[in-house]
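Comments concern the structure below.
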Amino acid sequence: MRGFALATLCAFSLAACGRDARATGPEFEGPIRVLAEPLPLDPADPKHDRIGVFKFAGALHLTSPDTVLFGGFSDLKVSDRGDFVSESDEGSLMRGHIELGPDGRLKGVSHATLVRLKGLDGKALPGKFEADSEGVALWPNGDLMVSFERDHRIWVYPAAGGPPHAVPKPDVAMPENEGMEGLALAPHEGPDAYWVGIEGGDIWICRLSAACQKTPGQFPPPIGWRLPALFEMPNGDLVVEHHHWDPVTGTHLTVSIIDNPASNPAPKVKAELALATPLTVDNIEGVAVVPRPDGVWRLYLISDDNFSKKNQRTLLMAFDWTPAQPVTPGPAAP
């Protein structure tokens, strides 16, 4: 995670670095209340509800009065039923349910719980170097997989309990604060396969049973942009987010749906969602995609507020996409 707005603030005020020095309160774990303030896509035009082929399906500013651990969310996975998991870059894990209104638009978050990720000793991960979790994925058996930067590693937390264990990660040098931001299962590539996206833009395919390999097809971000999130569609296409922050023009991001880079040397963009200031947007670091009725695909986005409550927000946003060709599963995994 690199919070570009926060990094600039740090250059002028030490108080802005790291967790917001003004944030005080209980570091509570367990069930929490999540308050949701609805926001328009375009503050200047509340009726604005489309960006290209994507239809806006709601935005919420999320807060919790129960714990200062709420925030910093760096990835997101959502089930077809709306149950979700997200983790923070200070080592917390949130689960909950996304509530929709009768019109299918975002309404709120319910049944939320927040706990700290544990280390090999069963205790909460100590300090930023060990606790900076950036990517999350859920295996079909319930095992939780988390990627970390600074201390670069990928851990699997068994659903049955017990200490986490390490699984393969890309064998490449990574800057301390520019590590494995993107993490997603890759069932199209095999039952134990998963994608890893490095912040600089490289995309790797990994397996629990084998070493990671850099994909033959790459989709590098423009100069000055970074890769914070990715997700696999049922047919093997990849959803890749690229993000950029500029002190003058603000936040810019694209969410691109591309050909599977493991089998396409030159992946092509099939659809692209572009968001930028002054539209409602923040430091988006998590992307998830779920099916909706009538061939519609719902993109969920979540932002990392860097625990800087006065400068950034935790946003949950949704957009709907109806592809020209139906998205269907590819060949059965070997």
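Bear in mind that the values in this text are calculations on the coordinates, not laboratory data. Please read these numbers as outputs of a predicted model, since none were measured by experiment. Note: ideal-geometry Cβ built from the backbone for every residue, glycine included; neighbour counts use all protein chains shown.
A count restricted to the stretch 278-293 and to residues that are part of a strand (DSSP E or B) and surrounded by fewer than 17 Cβ atoms within 10 Å (Cβ to Cβ) stands at 1. Within the stretch 241-272, the only residue that satisfies the criterion of being acidic (Asp, Glu) and not in a strand (DSSP E or B) is ASP259. Between VAL109, VAL146, the distinction of being farther than 17 Å from LEU315 by Cα and either in a loop (DSSP other than H, G, I, E, B) or touching a residue at least 40 places away in the same chain (Cβ under 8 Å) (or both) belongs to VAL146 only. Kindly establish whether GLU134 is in contact (Cβ under 8 Å) with a residue 24 or more places away in the chain and surrounded by 23 or more Cβ atoms within 10 Å (Cβ to Cβ). Yes; evaluated as a whole, the condition is true for this residue.
Each row is one residue, and each column tells you yes or no for (1) under 28 Å from ALA262 (Cβ atoms); (2) part of a loop (DSSP other than H, G, I, E, B).
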residue: GLY122; (1), (2): no, yes
residue: LYS128; (1), (2): no, no
residue: GLU134; (1), (2): yes, no
residue: ALA137; (1), (2): yes, no
residue: GLY142; (1), (2): yes, yes
residue: GLY162; (1), (2): no, yes
residue: PRO170; (1), (2): yes, yes
residue: GLU178; (1), (2): yes, yes
residue: LEU183; (1), (2): yes, no
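Hey, any hits in the stretch 34-45 for a residue that's touching a strand residue (DSSP E or B) at 6+ places or on another chain (Cβ under 6 Å), surrounded by fewer than 17 Cβ atoms within 10 Å (Cβ to Cβ) and farther than 20 Å from GLY286 by Cα? Checked against the condition, which is being touching a strand residue (DSSP E or B) at 6+ places or on another chain (Cβ under 6 Å), surrounded by fewer than 17 Cβ atoms within 10 Å (Cβ to Cβ) and farther than 20 Å from GLY286 by Cα, the stretch 34-45 yields no hits at all. Applying the criterion of being outside any loop (DSSP other than H, G, I, E, B) and farther than 15 Å from LEU253 by Cβ to the residues of the stretch 294-313, the residue that is farthest from the chain's Cα centre (by Cα) is ASP294.
Considering only the stretch 91-100, I want to know if a residue exists there that is over 13 Å from the mean Cα position of the chain (by Cα), crowded, with 17+ Cβ neighbours inside 10 Å, under 21 Å from PRO26 (Cα atoms) and polar (S, T, N, Q). Yes, because at least one residue in the stretch 91-100 is over 13 Å from the mean Cα position of the chain (by Cα), crowded, with 17+ Cβ neighbours inside 10 Å, under 21 Å from PRO26 (Cα atoms) and polar (S, T, N, Q). Just one of the listed residues (PHE70, PHE56) is in contact (Cβ under 8 Å) with a residue 60 or more places away in the chain, touching a strand residue (DSSP E or B) at 6+ places or on another chain (Cβ under 7 Å) and assigned to a loop (DSSP other than H, G, I, E, B), and it is PHE70.
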